[in-house]
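Structure record follows, encoded as structure tokens.
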Amino acid sequence: MSGRHEINGNAVRTTNGAGPHNIQMFVLAADGTVLHCLPGYWDSQDLIEELSFAQQLNQVWLSSGSLEQKRQTFSRMQLAHIAKHSSAMVARSQMQGFDQQYEARTRLNTSDTILNTALAAQTLQMGGKAPPGAFKTTDVIMHERMAQRPFLPYSQFDVTAYSDYGKKKYDKHEDYRNSRGQVDSSARFAPELGTKEDTRKSAYSADGRIKSVSSYLNRHGIKSFGPAR
């Protein structure tokens, strides 16, 4: 489930792999074979790095050899690519705190996102934050999970299981932030995707236009406005 992101709405910077249930970016071979899949949102620099890696995997897929040989190479390359990530990319791939807490609270002993259960459990304490070494970074989670899905047809790729980590709902209310970056109280009435539409009104019409300019400007910190002079 996700908040609805309008095409003319705001954008905020976030960490790699944030919101894996919201979006999955697939890279496919010409025949529909999955070469790579990036769950959630990714920094442009790191996206380019992973797209280049997908090109390498495509060359493997197009090469001669048995399907089993290709799949073994695929898995090896996915795991080996982790070591090639820069320290900056790793820093941009820290799992968000609320996602860490969700993993620790709901599947402390079974989640493949956790490196050390004792350390991860500290997130469940009042005001607890995960110490270093408690959780894997999202770039590692991505490559490890892809290594388990070598050269699968898109129709056989288990998207739900692959992208399942962290909170089920992820929404930073980008379209409901004022000029100071604070979330306006009207965000609680924001429409959502993945749930049945209710009677709450959206600030936007079906074609993406703002219904009420005055309320939109007021929400974004503009208190006085009028015709240009």
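Summary table below
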quantity: Per-residue Cβ neighbour rank within 10 angstrom, fewest leading, MET25, MET146, MET89; calculated: MET25, MET89, MET146
quantity: Contact order normalised by residue count of segment 87-162, Cα under 8 Å, 6+ apart, percent; calculated: 28
quantity: Relative packing of 129-139, 94-104, which averages over residues the other C-beta atoms within 10 Å, highest first; calculated: 94-104, 129-139
quantity: Inter-label distance, nm, simple model (7 Å from Cα along the C-beta direction), SER66/THR106; calculated: 4.0
quantity: Between segment 16-92 and segment 97-174, the alpha-carbon center distance in angstrom; calculated: 18
quantity: Among the listed pairs LYS129/LYS167; LYS129/LYS168; LYS84/LYS167; LYS84/LYS136; LYS136/LYS168, those beyond 26 Å (Cα-Cα); calculated: LYS84/LYS167
quantity: Per principal axis, descending, Cα span of segment 85-133 in whole Å; calculated: 31, 23, 15
quantity: Distance histogram in 5 Å bins (all Cα pairs of segment 33-104, percent per bin); calculated: 3, 13, 22, 21, 16, 13, 8, 4, 1, 0
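Readers should treat all values here as calculations from the given coordinates under stated rules, not as data from a laboratory. These numbers were taken from a predicted model, which means no experiment stands behind them. We place every Cβ from the backbone using ideal geometry, glycine too, and count neighbours over all the protein chains shown.
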